[in-house]
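Scroll down for the structure; my scribbles are underneath it.
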Amino acid sequence: WVIKPPNFNPQKRYPVLFYVYGEPWGQTVLDVWGGRNQLWHTMLAQQGYVVMSVDSRGTPAPRGRAWRKSIYRKVGIVNSTDHANAVRAIKKWPYVDPNRIGIWGWSGGGSSTLNAIFRYPDVYNVGMSVAPVPDLRYYDTIYQERYGGLPQDHPEEWKQSSPGVHM
């Protein structure tokens, strides 16, 4: 989805704030109006920002089993790659200022934001990470083990999925 400023001019270039969640629990692109951050995103658009979001592989979007399972043992890796690739494509849009690209997310989105800015510093100019999990090895085991396997069986994947190791 894309929210543009009220007096949008396609000849002008706008800064972009890219909203992410990017974990298997939930998706950000739904066929509904609203959402938990709708007022915040609308206010940003009123201030002259383009606000947008895309779903990454692994989210519960109706795109099939391979899409849903692709994030197994790769939480933080697959989603940050998908988001960076989306932003690279978006930077080519005529109304996007490629030098003013931000990313933000809360909780799993905060972790996705950290992974994005640490793994792809050439793509983003700023990131706002709220309530992230900087090291997945110290988080809610039932959630992480569901999507990452057991840490003792896959220690390197758990480490590489954690944003803090890429600082």
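The values are calculated or read from the model by the stated rules, or taken from the named source; none is laboratory data. All figures in this text were calculated on a predicted structure; none of them were measured in a lab. Cβ placement follows ideal geometry from the backbone for every residue including glycine, while neighbour counts extend to all protein chains displayed.
Tabulated results
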item	result
Flag if T59 is assigned to a helix (DSSP H, G or I) and crowded, with 17+ Cβ neighbours inside 10 Å	no
Test result for L114, modelled with pLDDT under 90, touching a helix residue (DSSP H, G or I) at 6+ places or on another chain (Cβ under 7 Å) and among the hydrophobic types (A, V, I, L, M, F, W, C)	no
Residue, nearest to S56 (Cα to Cα), within segment 109-126, restricted to residues that are polar (S, T, N, Q) and outside any loop (DSSP other than H, G, I, E, B)	S112
Residue ID - modelled with the lowest pLDDT, chosen from residues in segment 126-138 that are farther than 30 Å from P98 by Cβ and surrounded by fewer than 16 Cβ atoms within 10 Å (Cβ to Cβ)	Y138
Looking only at segment 62-87, and only at residues there that are at pLDDT below 85 and surrounded by 15 or more Cβ atoms within 10 Å (Cβ to Cβ), the one that is nearest to D140 (Cα to Cα)	I71
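Each row is one residue, and each column tells you yes or no for (1) modelled with pLDDT of 95 or more; (2) of a type in the set (D, E); (3) in contact with a strand residue (DSSP E or B) (Cβ under 6 Å, 6 or more places away or on another chain).
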| position | (1), (2), (3) |
| --- | --- |
| R36 | no, no, no |
| Q46 | yes, no, no |
| A89 | yes, no, no |
| V96 | yes, no, yes |
| W106 | no, no, yes |
| Y124 | yes, no, yes |
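So that you can scan it fast, the table gives a plain yes or no per residue for (1) more than 30 Å from V2 (Cβ to Cβ); (2) not hydroxyl-bearing (S, T, Y):
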position: V96; (1), (2): no, yes
position: N99; (1), (2): no, yes
position: G109; (1), (2): no, yes
position: Y120; (1), (2): no, no
position: S129; (1), (2): no, no
position: P134; (1), (2): no, yes
position: D140; (1), (2): yes, yes
position: S162; (1), (2): yes, no
